[in-house]
1. Quick check on the range 204-222. Is at least one of its residues free of Cβ contacts under 8 Å to residues at least 60 places away in the same chain and in a loop (DSSP other than H, G, I, E, B)?
2. On the basis of being part of a loop (DSSP other than H, G, I, E, B), touching a helix residue (DSSP H, G or I) at 6+ places or on another chain (Cβ under 8 Å) and closer than 18 Å to residue 57 by Cα, does residue 96 make the cut?
3. Could you grab me the full set of residues in the range 96-117 that are of a type in the set (Gly, Ala, Ser), surrounded by fewer than 19 Cβ atoms within 10 Å (Cβ to Cβ) and closer than 16 Å to residue 24 by Cβ?
4. Could you figure out which of (1) out of contact with any helix residue (DSSP H, G or I) (no Cβ under 9 Å at 6 or more places or on another chain); (2) within 23 Å of residue 15 (Cβ to Cβ); (3) surrounded by 16 or more Cβ atoms within 10 Å (Cβ to Cβ); (4) of a type outside the set (Val, Ile, Thr) isn't true of residue 182?
5. How do the pairs read when you match residues in the range 137-166 that are assigned to a loop (DSSP other than H, G, I, E, B) with residues anywhere that are surrounded by fewer than 17 Cβ atoms within 10 Å (Cβ to Cβ) and among the small types (Gly, Ala, Ser), using Cβ under 6 Å and keeping only pairs 6 or more apart or on different chains?
6. Right, residue 184: modelled with pLDDT of 95 or more, part of a loop (DSSP other than H, G, I, E, B) and closer than 24 Å to residue 63 by Cα or not?
7. Could you list, in sequence order, the residues of the range 144-154 that are surrounded by 15 or more Cβ atoms within 10 Å (Cβ to Cβ) and at pLDDT below 95?
8. Which residue out of 30, 12, 34, 18 is more than 16 Å from residue 130 (Cβ to Cβ), out of contact with any Phe, Trp or Tyr (no Cβ under 6 Å at 6 or more places or on another chain) and modelled with pLDDT under 95?
Amino acid sequence: MAITASTAAHTSPTSLASVTLEVADLDGASRFYSAFGVDSYIRLRASEARSIGFRGFTLALTVSGPATVDGFVGVAVAAGATVLKPAVKSLWGYGGVVQAPDGAIWKIATSAKKDTGPATREIDEVVVLIGVEDVKATREFYVGRGLRVAKSFGGKYAEFAPGHSSPIKLALYKRRALAKDLGVLADGTGSHRIVLGGTAGAFTDLDGFAWEPAASLAPTPS
């Protein structure tokens, strides 16, 4: 069940500038994400908003090789995350899925099936992947807001070019397909518990994902 959405009329172009996760335990979430190694990519905000079931999104990390995937999964679990899908080899590479103590789902993956070097703590790419009911309609909604499509596979998947000020990309996937990929049920109600920061005004997309004006994230350490 999709979360009810509303839209706001707005014509100014926007790009993704920040990602804020809403959490019940701000101190605990801060400790987790610092240990996990992704605290420079996200912001945290205290919230008691009701949220049940699948929140409709995942944050996906692309890394260099299987050993690095295992390293991130291991650190996440040691810091309190739950494994939703153990890291395994597949046709497209190697990856696994964990759920943070605050409920956000993270996918860690690589296209490499073998390691060509030692494990690192480096992240090659971060993508906010939101599950939507209609990929084509939501893609056009965002194009109308000024986002530029970088990849598009019909009604299955769309990815937008990142803004100059953000290290994170935005992508769209069918909600039920995303839930299946993450190993969770697709049903969910209440808050998404994520707020996307844009370079234009506040609005809500077709699937209830909220945007607000936001300053750029600080550059990610190399």
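The values are calculated or read from the model by the stated rules, or taken from the named source; none is laboratory data. Note that the structure is a prediction, hence the values are computed from the model and not measured. Note that each Cβ is placed from the backbone with ideal geometry, even for glycine, and that neighbours are counted across all protein chains shown.
1. Yes, the range 204-222 contains a residue that is free of Cβ contacts under 8 Å to residues at least 60 places away in the same chain and in a loop (DSSP other than H, G, I, E, B).
2. Working: part of a loop (DSSP other than H, G, I, E, B): no; touching a helix residue (DSSP H, G or I) at 6+ places or on another chain (Cβ under 8 Å): yes; closer than 18 Å to residue 57 by Cα: yes.
No; evaluated as a whole, the condition is false for this residue.
3. Quick first cut of the range 96-117, residues of a type in the set (Gly, Ala, Ser) only: 96, 100, 103-104, 109, 111-112, 117.
Filter again for surrounded by fewer than 19 Cβ atoms within 10 Å (Cβ to Cβ), leaving 103, 111-112, 117.
Once the filter is applied, which keeps residues that are of a type in the set (Gly, Ala, Ser), surrounded by fewer than 19 Cβ atoms within 10 Å (Cβ to Cβ) and closer than 16 Å to residue 24 by Cβ, the range 96-117 yields only 103.
4. Answer for residue 182: the failing condition is (2).
5. 148/161; 161/150; 165/216
6. On the way: modelled with pLDDT of 95 or more: yes; part of a loop (DSSP other than H, G, I, E, B): yes; closer than 24 Å to residue 63 by Cα: yes.
So residue 184 passes the test.
7. Applying the first criterion (surrounded by 15 or more Cβ atoms within 10 Å (Cβ to Cβ)) to the range 144-154 yields 145-147, 152.
Selection gives 145, 146, 147.
8. Details: 30 fails: modelled with pLDDT under 95; 34 fails: modelled with pLDDT under 95; 18 fails: more than 16 Å from residue 130 (Cβ to Cβ).
Exactly one of 30, 12, 34, 18 is more than 16 Å from residue 130 (Cβ to Cβ), out of contact with any Phe, Trp or Tyr (no Cβ under 6 Å at 6 or more places or on another chain) and modelled with pLDDT under 95, namely 12.
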